[in-house]
Amino acid sequence: MKHDSNSLIDALVDELVPVRPLRRAEGGALVLAATVLTGLLVLAINGIAGNVLAGAVSPMFLLANGLLLLLGVAASASTIAMASPRVGNRHDGTGWALAMAAVFPAVTLALLAAHRADLPHLLDVAAGWHCLVEALLSSLVVAGALLLWLRRGAPVSPRTAGIHLGVAATALGTAVYGLSCPAETIYHLGIWHALPVLVGGLIGRIVVPQLLRW
Amino acid sequence: MMADEQTLSRLMAAAQAGDRQAYAVLLAEARRWLLRYLARKVPPAHLDDLVQEVLVSLHAKRASYDPGRPFLPWLAAIARYRWVDHLRRSYRRAEVELGESDAAHEGDADAVMARISLDRLFGSLPRAQARAIELVKIEGHSISEAAARCGQSEPSVKVNIHRGLKRLAALIEKAD
């Protein structure tokens with residue numbers, strides 16, 4: 001830099017305009033709005049699943065989507081917090097929520113291993129693949145909202161922020177997409193509704209840091 | 001005498017609201033604090049540039065400060081981010097003689113300073129990685145000189161620098 005510090009300070013003072021500080025509650029409201037909008041889009045495009053409409057959902061459905069919602073909320077909270085950095089901030093909550101949610105696919109994998117002979121039928125790749133793609137598409141609005149929030153802020157660990165963003169968006173997107181998915185077996189939910197979160201975390205880790213550098 | 005944490009927080013909140021007088025005082029205080037904070041962590045010839053980079057980042061990202069929270073841990077996170085970015089760049093040997101700084105140890109006893117200090121961050125690295133970064137990126141030795149000084153092979157020094165910088169980037173908000 002060519003300036004001396006005093007002239008730099010004078011220039012920065014001259015440029016000063018009021019700014020609205022980032023408030024975490026505002027970030028939470030933004031994510032909530034993005035999730036509701038995603039829900040409206042999913043219902044408008046795919047409709048609501050018959051069992052959900054009839055209020056006859058299985059415990060498996062509630063368990064899987066409840067875990068995804070919890071994970072989505074935890075990861076959204078940490079992503080929002082990362083926009084306002086501070087030495088001493090910790091973002092451990094998402095890791096614990098992820099570990100809890102991972103119990104579900106881990107049990108599913110164990111069950112699949114025990115029923116190897118029936119694997120193609122249990123996995124139902126065609127339906128599962130469809131859910132994977134739809135769930136990822138359903139994550140885009142929340143991902144966009146969180147990206148916007150982070151870019152307004154000053155994330156100091158872009159890679160970690162990217163992972164949290166990817167996990168938050170796909171967990172919430174998949175939970176909302178679940179309203180239109182009629183499949184309720186543990187095999188379907190434990191694999192095909194968990195995979196989007198894994199993919200989201202990976203995409204977030206690879207793609208998002210490039211968009212967050214400052 | 002440095003302004004205290006409460007005063008700095010109040011000045012920053014006023015600056016966010018557009019108070020130029022408060023902002024001028026805040027930037028001058030922040031500059032003094034940064035000179036101490038970053039002293040001996042970059043070659044003296046680069047210190048003022050780095051402090052200016054942090055001040056520009058403070059200005060660009062001032063909305064990310066939450067007025068309900070302490071100011072210095074926020075400024076320290078911004079400074080650490082810029083410092084790690086700075087370490088990634090190459091230095092020319094001629095510019096990197098480390099000198100003494102009177103301000104370097106001032107305020108070491110301060111608890112907040114200790115918690116957010118760069119030494120604390122640097123201390124999170126494995127010894128070999130910290131030493132390789134210190135020799136090459138801060139003191140400005142060549143890879144072969146650093147290898148001879150710390151008893152590591154040249155490829156090990158390179159790997160330790162690469163891994164150490166990556167690790168530092170992931171630990172910017174770490175306080176313990």
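The values are calculated or read from the model by the stated rules, or taken from the named source; none is laboratory data. What you see is a predicted model, and the numbers here were worked out from it, not measured in a lab. Backbone-built Cβ (ideal geometry, glycine too); neighbour counts: all protein chains shown.
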From the option list A:89, A:46, single residue qualifying as touching an Asp or Glu at 6+ places or on another chain (Cβ under 8 Å) and within 10 Å of another protein chain (Cβ to nearest Cβ) is A:89
Go through the residues of region A:159-166 one by one and say whether even a single one is crowded, with 24+ Cβ neighbours inside 10 Å, farther than 21 Å from residue A:206 by Cβ and more than 14 Å from every other protein chain (Cβ to nearest Cβ). no
Residue B:59 passes all but one of the listed conditions (1) in contact with a helix residue (DSSP H, G or I) (Cβ under 7 Å, 6 or more places away or on another chain); (2) assigned to a helix (DSSP H, G or I); (3) more than 20 Å from residue A:19 (Cα to Cα); the exception is number (3)
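How many of the residues making up region B:1-37 are of a type in the set (A, V, I, L, M) and not in a helix (DSSP H, G or I)?
Looking only at that region, the number is 4.
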(1) part of a helix (DSSP H, G or I); (2) charged (D, E, K, R); (3) more than 9 Å from chain A (Cβ to nearest Cβ) all hold for residue B:40 apart from (1)
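Can you name the residue in region A:4-27 that is assigned to a loop (DSSP other than H, G, I, E, B) and at the interface with another protein chain (Cβ under 7 Å from one of its Cβ atoms) and, of all such residues, is surrounded by the most Cβ atoms within 10 Å (Cβ to Cβ)?
Across region A:4-27, the extreme among qualifying residues is A:22.
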Go through A:98, A:68, A:112, A:43 for me and flag whichever is touching a Leu at 6+ places or on another chain (Cβ under 8 Å) and closer than 30 Å to residue B:81 by Cβ. A:98
Note: among A:86, A:90, just one is within 24 Å of residue A:143 (Cα to Cα), part of a loop (DSSP other than H, G, I, E, B) and touching a Pro at 6+ places or on another chain (Cβ under 7 Å), namely A:86
Go through region B:15-37 and give me each residue that's of a type outside the set (A, V, I, L, M) and either more than 10 Å from chain A (Cβ to nearest Cβ) or on the phi < 0 side of the Ramachandran plot (or both). B:16, B:19, B:20, B:21, B:23, B:29, B:31, B:32, B:33, B:36, B:37
Residue tally, condition of a type in the set (A, V, I, L, M), more than 19 Å from residue A:142 (Cα to Cα) and out of contact with any Ser or Thr (no Cβ under 9 Å at 6 or more places or on another chain), over region A:30-63: 6
So, in region B:125-154, how many residues would count as being touching a residue at least 60 places away in the same chain (Cβ under 8 Å) and in a helix (DSSP H, G or I)? 1
Can you confirm whether region A:135-155 contains a residue that is farther than 16 Å from residue A:201 by Cα, in contact with a Phe, Trp or Tyr (Cβ under 6 Å, 6 or more places away or on another chain) and within 14 Å of chain B (Cβ to nearest Cβ)? no
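Do we find that residue B:85 is facing chain A (nearest Cβ under 7 Å) and free of Cβ contacts under 8 Å to residues at least 40 places away in the same chain in this structure?
For residue B:85, the condition - facing chain A (nearest Cβ under 7 Å) and free of Cβ contacts under 8 Å to residues at least 40 places away in the same chain - is not met.
So that you can scan it fast, the table gives a plain yes or no per residue for (1) modelled with pLDDT under 85; (2) surrounded by fewer than 22 Cβ atoms within 10 Å (Cβ to Cβ); (3) more than 8 Å from chain A (Cβ to nearest Cβ):
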site	(1), (2), (3)
B:49	no, yes, no
B:60	no, yes, no
B:76	no, no, no
B:80	no, no, no
B:100	yes, yes, yes
B:105	yes, yes, yes
B:115	yes, yes, no
B:137	yes, no, yes
Flagged in region A:103-134 as of a type outside the set (A, V, I, L, M, F, W, C), surrounded by 17 or more Cβ atoms within 10 Å (Cβ to Cβ) and over 22 Å from the mean Cα position of the chain (by Cα), in numbering order, are A:124
